[in-house]
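Novice: So that we are looking at the same thing, I have put the structure below in structure tokens.
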Amino acid sequence: MSALIAVENLTKRFGSLVAVDGVSFTIGDGELVGFLGPNGSGKTTVLNMMSGLLRPDAGRIALDGTDVGGMAADSIARAGMIRMFQLTRVYTEMTVIENLLTAGFALGLGKREATERADEVLDDLKLLAYREAFASDLSGGQQKLLEFACCFMKAPKIALLDEPFAAIHPTMRQVLADYVRRTNAAGQAYILVSHDMPIVIDLCPRVVCLAAGSVLADGPTDQVLREPAVIEAYLGPNH
Amino acid sequence: MLSSMLVSGLITGTFYALMALGLTMIFGVLRIVNFAHGEFYMIGGFAYVLLYHNLGVPIAVALPAAVLAGGTLGWIVEKLLIRPIYAEFGGRQQGRDEYAIIVTFALSILLIAAMTKIVGPWSLQGPRLIDGPPLLLAGVRVSPHQIAALGIALAFLFGTLYLLNYSLWGRQIRAVAQNRSAAAVMGVDVGKVSTIVFATAGGLAALAGALLSNMISPSPDVGAFPAIKSYVIIVLGGLGSPLGALIGGLLLGVIESLGAIYISFSYRDTYGLALLVLVLLLRPNGLFGETRREV
Amino acid sequence: MMSRICCMNKLAYTVAITAAVFATAYGAQSQETFDVGVSTILTPPGSVIQGIQVRQALELVADWQNEQGGVIGKKIKLVIADDQGTTEGGRTVAERLITRDKVSVITGQASSNVVLSSLEVAKKYGIPVVNVNGWASGIRTAGIPQVFSPGPYTTRVITATVDTLLALGSKKVIGAFDNTDAGFSLEKEMSKQLKERAPQIQYRSIILDRAAKDYLPVVLQMQAEKPDVIVSELIAPAGYILMNQLYDQGVAPTKDTIFFEMGGMTDNPDFWKNIRGAGKGALAFGHYHPKFDLPAIGVEFRKRFVERYKAEPGRLSFQAADALFVIIDAAKRANSTEPAALTEALANTDYVGTRGKITFDKTPGPTFNQWVEVPYAIYQITAVDQKLDDTTLLKQSDGPLEVKAIVAP
């Protein structure tokens, strides 16, 4: 398996706090990797650096062999690494279809292509009924689905999902999970950050566990979850 | 008298709106106030007048050339001076506003000084678009030139609003205005959007300068007056709101016109400010300002 | 060790250069020049076109005088500073010219507020000021012995204007003034004189912001009132906008309404670059007209001006030339360029300038230290792009107004 993503020795400091401390991992084509770790373990910071929102203090991030550490966020997105936020960021002053067309155009699709693709994704995510509604009129979960849909207007090389299942209705969670599973089966690579352990166990064959800015464990999900260090990091030393 | 004041106010307001639209777009996308906005107006006015008078370029060419001059200037300014604000990773947050203020303010002084050096400090009246006897519109004599200028201004105003709302690039601009980092992460080329916005704003201001050059002869310092009006308008209409710029512009034109007659001409410039204070008391985000913003 | 030597060398160079700079500066000062401070409008918000005309004339006269060996063996050196036509500008420029540049005398001021703000500075340091174009009465009534005015002044301008209104037989007059010291002074004097001398004339005045770019609301109001005469004191560029809007709305000049330009901007070099049809038929107030009988020095000044600048001098250039000529004359008579001696000599001026014999009145009040008989002209512009030569001269100083020569536009 060739490395789609190769992160080496990634480091980020905020003042005296070392938020991410020499993190390294690789992700192969079509892999679905879960990111675990308690709050403050550096998951979101790693994602922020990967998606170009933060400049790493040290280390290298390679996407398909190209170093993207230092590139602007939009260039990274167009290069095929796309990011979905923990807090939803859809354009509330636009309709659902406008949101999708904007994303599609940004990723280089023409108008017709983008419209066709938008309808396809909306159908997949059961949002077609809301096509012309304003994003501000959608529920929180629907907005999350919409943002998710935007990320898939043009299939990325890898999608970085930050807590996609948090605070959404169970039926929508199912829709989302099905979509991830189905596309992953077709070769779509993912990094999935989630606290929802059952979903991670269900979806991800492999997990990377972070604690205090470092990689604590990296391997097949069942193995990692059995490691005492991981249990301790998650549940506290006295457990 | 009332109807003629309304007509006169709406005409003035249309040109105010043309200036303010670009300024509010820049604010929307870049979160900065361009203090050199009046100088785009001045450059447009001079480009039009000088091309016509000194080089004998026909009006039909001089007018688009003036718009192009303003657009090109905006494009260059964005690439050279504004880019450092956001070029690196979501932008330098510290000192960002101060940087923008100083850079655009210095640019304004530079452009005025450069123009004074090149063409001298005097004012030069621009040619009319069309000649002909004036028409009477609610007691106001409106020359065919003014009607043509008004028509072009309205076409550009509504054209820009339409493109912002319905074109692909327009949506990109709105996306960046609503949430810059989200747009960037979605792959929207925020650099290109910023450049387009600056060039468009420059072009619109230059167009206003050229269209008004017959009524207000351009001189190097002519930009100060429309720029100040634009600052009032964009706060009045809601920072970053294109519709707010349009409505705010027309409103300011009418209020000033009515106040000048029914209260006193001497305090004309204060009526807009009084209205602004009133609006801000009732609606702190301006008439069409957003009340919330996603994080 | 090497770097130490290098440092020492650098230090030595710095000292040497500094010494050289000081020596040059000191040398220039001890070379005996007659330093004349010029405070005038080079950038807005003041009327830059006025400042340019003043500066051109002063530079011409200084060079001309230096060709002839300068004044009492010293070359005239103009120290030019930009007062922007503002009160603050006037004060700081005067202060700087006196304390930093050590000038013996200041001239060039083209607007009333600048002159007014420099009054106290002149008094404090005892430096004479010969202003070029300060119209406001306050300049004279302040009674500062160092301040001299060879240019136009409010009472004379208004007397001439009211004379004109009376000769025209006008019944309804509107006066437009700008919100400057000159504007306020003129507005006050005009209301006063009309009340005393012509109570039959229905009169209303309006103060306009000189920074405004659109006067349409007032123009429409004037249209509704249908006056016989609209008198405007607004100077360029505000005056241009008002004139154009009055013309565009068909208010003036028309056969029913005379437009009388009192501010003296019709001989500005950029007048016809900004005014088209609005100029035709307008009556104008000026302080120079080519049809004046000029003294020899005035003829020579005009000739040299045209040769050097390829344009006819306007009234402001004549006013500025006279200001500097009066200073030169005073220095010669005093045989000194010391401020106190200059002030004393200036007070006793009796000199034939470019437009006539200049003396300064000693009576306290609105003509103190003023050239009372400063000439003026009222003329009519009868065609677009008309040269000053070809305008119809209607009245020369205190002569009668040739009402019959006026043609309706």
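The values are calculated or read from the model by the stated rules, or taken from the named source; none is laboratory data. Since we're looking at a predicted model, the values are computed, not measured. Neighbour counts run over all protein chains shown; Cβ positions are idealised from the backbone, glycine included. Side chains are part of the model used for accessible areas, which takes the heavy atoms of the whole protein and leaves out ligands, DNA and RNA. Shrake-Rupley method; radii C 1.70, N 1.55, O 1.52, S 1.80 Å.
Novice: Note the buried accessible area between B and C here, summed over both chains, with a 1.4 Å probe, in Å² to the nearest 100.
Specialist: So the total buried area for this chain pair works out to about 2400 Å².
Novice: With a 1.4 Å probe on protein heavy atoms only, tell me which residues of region C:198-224 lose at least 20 Å² of accessible surface in the complex relative to the chain by itself.
Specialist: Residues losing area: C:ILE207, C:ASP209, C:LYS213, C:ASP214, C:LEU216, C:PRO217, C:LEU220, C:GLN221.
Novice: With a 10 Å cut-off between alpha carbons and a GNM built on chain C, which of C:GLN193, C:GLN396, C:GLN380 moves the most?
Specialist: Highest fluctuation among the options: C:GLN193.
Novice: Sticking with this one: Divide by every residue of chain C the summed helix terms, -39500 (n - 2.57) for each DSSP H run of at least 4, and state the resulting mean residue ellipticity at 222 nm, rounded to the nearest 500 deg cm²/dmol.
Specialist: Details: 13 runs with 180 residues, N = 409.
Taken over chain C, the calculation gives -14000 deg cm²/dmol.
Novice: If you average 1/r across every pair of different Cα atoms in the protein assembly as shown and take the reciprocal, what Kirkwood value do you get, in Å? Provide the component values of the computation, followed by the final result.
Specialist: On the way: mean 1/r = 0.0307 Å⁻¹.
Radius from the Kirkwood sum: 32.6 Å.
Novice: Only Cα pairs under 8 Å and at least 6 apart count here; give the relative contact order of chain B as a rounded whole percent.
Specialist: Numbers: 510 pairs, mean separation 111.8, N = 295.
Relative contact order, chain B: 38 percent.
Novice: Add -39500 (n - 2.57) for each DSSP H run of 4 or more in chain B, then divide by its residues: what number comes out at 222 nm, to the nearest 500 deg cm²/dmol? Don't skip to the answer; put the middle values down first.
Specialist: Values: 12 runs with 207 residues, N = 295.
Value at 222 nm, helices only: -23500 deg cm²/dmol.
Novice: Where the accessible area of region B:2-282 is counted over protein heavy atoms with a 1.4 Å probe, how much of it, in %, is carbon and sulfur? Walk me through the numbers before you get to the answer.
Specialist: Values: 7660 of 10470 Å².
Carbon-and-sulfur percentage of accessible area, whole number: 73.
Novice: Tell me, what is a quarter of the convex hull surface for the C-alpha atoms of region C:155-203, in nm² with one decimal? All intermediate terms of the calculation are to be shown ahead of the outcome.
Specialist: On the way: hull surface 12.1 nm².
Average of the hull's projected areas for region C:155-203 equals 3.0 nm².
Novice: Ordered by packing density, taken as the mean number of other Cβ atoms within 10 Å over each peptide's residues, highest first, how do C:317-328, A:56-67 rank?
Specialist: Per-residue mean Cβ counts within 10 Å order the peptides as C:317-328, A:56-67.
Novice: Mind checking Rg over Rh on region A:93-239, alpha carbons, Kirkwood formula for Rh?
Specialist: Working: Rg = 17.6 Å, Rh = 16.8 Å.
My calculation puts Rg/Rh at 1.05.
Novice: Kindly tabulate the residues in region A:62-81 with an accessible-area decrease of at least 10 Å² between the chain alone and the assembly of all protein chains, using a probe of 1.4 Å.
Specialist: At a threshold of 10 Å² (probe 1.4 Å), the residues of region A:62-81 that become less exposed are A:GLY70, A:ALA72, A:ALA73, A:ASP74, A:ALA77, A:ARG78.
Novice: Mind checking which lysines have their C-alpha under 25 Å from C:LYS192, skipping anything on the same chain fewer than 8 residues away?
Specialist: Hits, sequence-local ones excluded: C:LYS171, C:LYS172, C:LYS226, C:LYS362, C:LYS395.
Novice: Taking amide H positions as placed 1.01 Å from N in the peptide plane, with prolines and chain starts having none, which residues 5 or more places from B:GLY240, or on another chain, fall under 5 Å of its amide H?
Specialist: B:GLY28
Novice: In square angstrom, what is the accessible area per residue of chain C with a 1.4 angstrom probe? Working shown, then result.
Specialist: Numbers: 16060 Å² over 409 residues.
Computed with neighbouring chains in place, this is 39 Å² per residue.
Novice: As I understand it, the value is the acute angle between the Cα axis of helix A:111-124 and the longest principal axis of the Cα atoms of chain A; what does it come to in degrees, rounded to 10?
Specialist: Compared with the principal axis, the helix lies near 70 degrees.
Novice: Using only Cα atoms, find the angle between the long axis of helix C:2-30 and the longest principal axis of chain C, and express it within 0 to 90 degrees, rounded to the nearest 10.
Specialist: 50
Novice: Treating cross-link reach as a plain straight distance, find the lysines whose alpha-carbon is under 19 Å from the alpha-carbon of C:LYS124, omitting any fewer than eight places away in the same chain.
Specialist: The reachable lysines, counting only those whose Cα sits under 19 Å from C:LYS124, are C:LYS102.
Novice: What number of lysine-lysine pairs in chain A show an alpha-carbon separation below 29 angstrom, given a sequence spacing of 8 or more or placement on distinct chains?
Specialist: 15
Novice: Still on this structure, please answer the following. Looking at chain B, identify the longest residue range that excludes and avoids all trypsin sites (Lys or Arg not before Pro) in DSSP loops having at most 14 other Cβ atoms within 10 Å.
Specialist: Values: sites that count: B:ARG92, B:ARG292, B:ARG293.
The answer is B:93-291.
Novice: Using the Karplus curve 6.51 cos²θ - 1.76 cosθ + 1.60 with θ = phi - 60°, work out ³J(HN,Hα) for each residue of region C:311-321 in order, rounded to whole Hz, and write x for Gly and Pro.
Specialist: Karplus-based 3J(HN,Hα) across region C:311-321 equals 8, 6, x, x, 4, 5, 5, 5, 4, 5, 4 Hz.
Novice: From other protein chains only, count the Cβ atoms within 10 Å of every residue's Cβ in C:39-49, then give the mean.
Specialist: Numbers: counts 0, 0, 1, 2, 6, 8, 2, 0, 1, 8, 5.
So the per-residue partner count for this stretch is 3.
Novice: Pull up all non-local amide H partners of A:ALA189: gap of 5 or more, or a different chain, and H-to-H distance under 5 Å with H placed in the peptide plane.
Specialist: It is A:GLY30, A:ALA159, by chain and number.
Novice: How big is the B-A contact in terms of buried accessible area, both chains counted, 1.4 Å probe, rounded to the nearest 100 Å²?
Specialist: Values: alone 14220 and 11080 Å², together 22560 Å².
Adding both sides of the contact gives about 2700 Å².
Novice: List every residue whose amide H lies under 5 Å from the amide H of C:LEU78, counting only residues 5 or more places away in sequence or on a different chain, with H placed 1.01 Å from N in the peptide plane.
Specialist: C:VAL36
Novice: Just counting partner chain Cβ atoms within 10 Å, what average do the residues of peptide B:261-267 show around their Cβ?
Specialist: For this peptide, the per-residue mean of nearby foreign Cβ atoms is 4.
Novice: Residues of region C:210-231 with the amide nitrogen closer than 18 Å to a label point 7 Å from the Cα of C:GLU88, along Cα-to-Cβ, please.
Specialist: Flagged as within label range: C:210-211.
Novice: Specify whether the C-alpha gyration tensor of region B:1-106 places it in the rounded, prolate or oblate class, a ≥ b ≥ c being the square roots of the eigenvalues: rounded for a/c under 1.5, otherwise prolate if a/b is larger than b/c and oblate if not. Walk me through the numbers before you get to the answer.
Specialist: Values: a/c = 3.05, a/b = 1.44, b/c = 2.11.
Note, shape of region B:1-106 comes out oblate.
Novice: What translational D, rounded to a whole number of µm²/s, comes out for chain C from Stokes-Einstein when the hydrodynamic radius is the Kirkwood one over Cα pairs, at 37 °C and 0.692 mPa s? Intermediate values should be presented prior to the final figure.
Specialist: Working: Rh = 22.2 Å.
Once the numbers are plugged in, D ends up at 148 µm²/s.
Novice: What is the distance in Å between the Cα centroid of region A:148-175 and that of region A:1-78?
Specialist: 19
Novice: In addition: When we measure straight from the Cα of B:LYS229, which lysines land under 21 angstrom away, once same-chain ones fewer than 8 places off are left out?
Specialist: The reachable lysines, counting only those whose Cα sits under 21 Å from B:LYS229, are C:LYS213.
Novice: Using the C-alpha atoms of region B:2-282, what convex hull volume per residue, in cubic angstrom, is computed?
Specialist: Numbers: hull volume 38.0 nm³, N = 281.
So the per-residue Cα hull volume is 135 Å³.
Novice: In addition: Which whole number gives the average, over all residues in C:231-242, of C-beta atoms from other chains lying within 10 Å of the residue C-beta?
Specialist: Working: counts 0, 0, 0, 0, 0, 4, 9, 0, 0, 4, 5, 0.
Per-residue shielding by partner chains comes out at 2.
Novice: Something else now. Could you tell me the relative contact order of chain C? Use alpha-carbon pairs under 8 Å, at least six residues apart, and round to a whole percent. Don't jump to the answer; show the numbers that get you there.
Specialist: Working: 804 pairs, mean separation 65.7, N = 409.
Once normalised by length, the contact order is 16 percent.
Novice: Roughly what angle does helix B:268-282 make with the longest principal axis of chain B, taking Cα atoms, 0 to 90 degrees, to the nearest 10?
Specialist: Compared with the principal axis, the helix lies near 40 degrees.
Novice: Which one of B:GLU98, B:GLU78, B:GLU256 has the biggest mean-square fluctuation once chain B is modelled by GNM with Cα springs under 10 Å?
Specialist: B:GLU98
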